[in-house]
Amino acid sequence: MKKNLKNRLVDQSDNSNFALAMSDKKNNNSVNLFEGWAFGKINYILFTIGVGLLLIGYALMATGTVSSFQSLSLAPILLFTGYIIMIPLALVYRQKK
C-alpha cells in the first residue's frame, strides 16, 4: 500500500513540474509591475493632499472646544473634503494621453 501511494505521488510530480514551468523562457507571460501601474505623480499628490486635509481636520476637531466654529464647521468641512472629494479623486484620476 505504501509503495502504491509513493508511486502515485511521484507520478503526479512528473505531470506538473512547477520549477520547469517557471523557468520556461518560451512563455513570455512576464508582466512588469510598473508598466501597467495606474497611478502617476498627480494621483499621489492628490492623495497626499487628501490625507493632509484629514489630519488637519481631526487636529482642529480635537483642539477646539465643543461648541466652537472650529469643531462644528471647519473641521467637518475639511474631513468631508478629504474623504469624499480628494481621496476618491486621487483614485480615479487619469491623465489624458
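Rule-based calculations on the coordinates, nothing more; no lab input. Model, not experiment: these values are computed from the prediction.
Across the range 42-49, rounded Karplus estimates of 3J(HN,Hα) from the backbone phi angles (6.51 cos²θ - 1.76 cosθ + 1.60, θ = phi - 60°) give 5, 4, 5, 5, 4, 5, 5, 4 Hz, Gly and Pro being marked x. Computed on the range 32-97, the Cα convex hull volume stands at 75 Å³ per residue.
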